[in-house]
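Worksheet for the structure shown next.
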Amino acid sequence: MTGATTPESIIEAFGGVFDVDPELRTKMRKPGLLPGRDGIWLDSIAVFTEHQHQGHASRALAILAGLCDRGGMTIRLRPQPLEHDLRCDNALDRDNLVAWYERHDFTDEGDGTMVHQPRKAGDGH
């Protein structure tokens with residue numbers, strides 16, 4: 001990324017990584033990302049049923065978080081289970097989604113929204 005970092009440039013950079021990485025591209029749906037005021041809204045992240053519990057969503061989220069950290073952007077989301085999706089069955093319920101996002105350094109803003117604040121290099125996370 002050159003020039004000013006924008007939510008759109010982070011979404012574009014993430015898409016570039018996702019599209020060429022067969023470990024992500026063939027094992028999960030492309031995460032739903034939307035530009036926000038000061039960062040990215042993560043609309044959805046889902047792994048195909050036969051590839052769940054192998055770290056693919058965690059890896060995709062780590063890539064996104066790294067891009068956002070470097071760009072000084074937040075990631076926001078409202079944790080909610082996926083509607084029925086035949087390719088991504090066995091989705092986590094809301095409580096387990098919240099716990100999963102908390103393990104990935106998201107915090108509850110108190111209104112049902114969770115946020116990942118950008119980290120600076122050397123924060124130790």
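The values are calculated or read from the model by the stated rules, or taken from the named source; none is laboratory data. Values in this document were obtained by computation on a predicted structure and should not be read as measured data. Note that each Cβ is placed from the backbone with ideal geometry, even for glycine, and that neighbours are counted across all protein chains shown.
In region 88-103, the residues that are at pLDDT below 90 reach residues that are among the charged types (D, E, K, R) and surrounded by 11 or more Cβ atoms within 10 Å (Cβ to Cβ) with C-beta atoms within less than 8 angstrom, at least six apart or across chains, in these pairs: Cys88/Arg29; Ala91/Asp85. Give the number of residues within region 40-67 that are buried (at least 18 other Cβ atoms within 10 Å of the Cβ), free of Cβ contacts under 8 Å to residues at least 40 places away in the same chain and farther than 19 Å from Ala99 by Cα. Final tally of qualifying residues: 1. On the basis of being without any contact (Cβ under 8 Å) to a residue 12 or more places away in the chain, exposed (fewer than 15 other Cβ atoms within 10 Å of the Cβ) and among the small types (Gly, Ala, Ser), does Gly32 make the cut? In short, no.
Tally time: how many residues in region 15-66 are outside any loop (DSSP other than H, G, I, E, B), in contact with a helix residue (DSSP H, G or I) (Cβ under 7 Å, 6 or more places away or on another chain), aliphatic (A, V, I, L, M) and under 25 Å from Gly112 (Cβ atoms)? Qualifying residue count, region 15-66: 6.
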